[in-house]
Amino acid sequence: MRTPIIAGNWKMHKNIQETISFIKELSPLVKADSGVEVVICAPFTALYPAGQALAGSKIGLGAQNVFWEKQGAFTGEISPAMLVDAGCRYVIIGHSERRQYFGEVEETVNRKIKAALAAGLTAIACVGETLEEREAGETELVIARQLDGGLAGLSAEQIETIVIAYEPVWAIGTGRTASAEDANSVCDYIRRRLANHFGMDIAQKVRIQYGGSVKPENIAELMAQSDIDGALVGGASLDPVSFNKLINYK
């Protein structure tokens, strides 16, 4: 039985005080027996205070990016060990905005995933097609390329610990959401692709999130699908009341 995982990706939102206020409001709302793994992925500047504020709570802390080296002359970057030191247990890797604006490709995603796993972080690895690719019938081709390249060289045991986030680029921040059936179809393809490489036993253990304009109004239908095990949430995770509704979707 896969434990659902709901992760909020705050992107470039919230300063330190706003982060602490959010956590103070959300923490009492998250039920200990909800059966859902909850993660907040805050900006770098807010990670350490967020980790302090989350101490003892049921909410995990994640970062939105990481570099693959342990240390060195890499101006502006942050290492996996630094994230762990700040209190992180999760990190988003390969988000479409990183690919679109900052040149992320399968090779760099792969190096970041390996570095994150080596540091004991849970990698939330993102895949997803653009509208043009979808309309050209290339969704599965794109997903296969991103999965095969991003996960290259990983063992079955490592794959078992990773969270895959399917985020169709055309649905991120647009208000457009893939239908629950369409989203599940791609998540099913992801699982079958993983099974081809690592075996069905491992593939059945991997949690696959859906992301793309997820909100309280559509979360229950998405989570009712056979191969959707959670959500990577953008805008709807910025408000504690809205985010709590997503956590308690049942």
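What to note about this one:
- Counting only heavy atoms of the protein chains and using a 1.4 Å probe, L26 has close to 0 Å² of accessible surface.
- When H13, H95 are compared by accessible area of protein heavy atoms, the largest-first order is H13, H95, using a 1.4 Å probe.
- With 0.36 nm allotted per residue and the present C-alpha distance subtracted, the F102-N15 stretch has 29.1 nm of extension available.
- K114, K14, reordered so the largest accessible area comes first (probe 1.4 Å): K114, K14
- Ligands, DNA and RNA are left out, and with a 1.4 angstrom probe the accessible area of segment 1-147 is 50 Å² per residue.
- Whole-number D in µm² s⁻¹ for the chain, Kirkwood Cα-pair radius fed into Stokes-Einstein, 25 °C, 0.890 mPa s: 136
- Span from the segment 91-115 Cα centroid across to the segment 46-60 one, whole angstrom: 25
- Surface share of carbon and sulfur [accessible, 1.4 angstrom probe, percent] for segment 120-183: 49
- A simple count of charges around A63, restricted to other residues whose Cβ falls under 13 Å of its Cβ and scoring Lys, Arg +1 and Asp, Glu -1, yields +2.
- Overall dimensions of segment 16-55 by Cα: Rg and Dmax, Å: 10.5, 31
- The fraction of accessible area contributed by carbon and sulfur in segment 22-114 is 52 percent, rounded to a whole number (1.4 Å probe; ligands and nucleic acids excluded).
- Gained length - T161 relative to K24, 0.36 nm times residue gap less alpha-carbon distance: 46.4 nm
- Its alpha carbons give segment 60-112 an Rg and a Dmax of 11.1, 30 Å.
- Over the chain, relative contact order from alpha-carbon pairs under 8 Å, at least 6 apart, %: 21
- Neighbour cut-off at most 12 other Cβ (10 Å), DSSP loop, chymotrypsin sites (Phe, Trp or Tyr not before Pro), segment 1-83: F74
- Net +/- balance of residues flanking L47 in space, Cβ distance below 12 Å, scoring K and R +1, D and E -1: +1
- In the complete set of protein chains, residue-level accessible area for Y249 is approximately 40 Å², probe 1.4 angstrom.
- Amide proton proximity set for Q209, modelled H, under 5 Å, gap of 5+: I164, A165, Y166, D229
- With a Förster radius of 30 Å applied to the beta-carbon distance between Q71 and N248, the computed FRET efficiency rounds to 0.15.
- Counting only protein chain heavy atoms and rolling a 1.4 Å probe, the accessible areas of M12, M1 rank, largest first, as M1, M12.
- Positive minus negative residues near G149 (Lys, Arg vs Asp, Glu; Cβ under 9 Å): -2
- Phi to ³J(HN,Hα) by Karplus 6.51 cos²θ - 1.76 cosθ + 1.60 over segment 17-23, Hz, x for Gly, Pro: 5, 5, 5, 5, 4, 4, 5
- Antiparallel beta bridges, as assigned by DSSP with both residues in the chain, represent about 0 percent of the total such bridges.
- Interchain or long-range residues, amide H under 5 Å from G60's placed H: V38, V39, I40
- Loop-located trypsin sites (Lys or Arg not before Pro) in segment 140-217 whose Cβ has at most 14 other Cβ within 10 Å (DSSP): R176
- With all protein chains modelled, accessible area of D182 [1.4 Å, Å²]: 70
- Projected-area mean, segment 70-204, by convex hull of Cα positions, square nanometres: 9.0
The values are calculated or read from the model by the stated rules, or taken from the named source; none is laboratory data. These figures come from a predicted structure and were not determined experimentally. All Cβ positions, even for glycine, are placed from backbone atoms using ideal geometry, and neighbour counts span all protein chains on display. When the accessible area is computed, the model is the full protein with side chains, heavy atoms only, and any ligands, DNA or RNA have been set aside. Shrake-Rupley method; radii C 1.70, N 1.55, O 1.52, S 1.80 Å.
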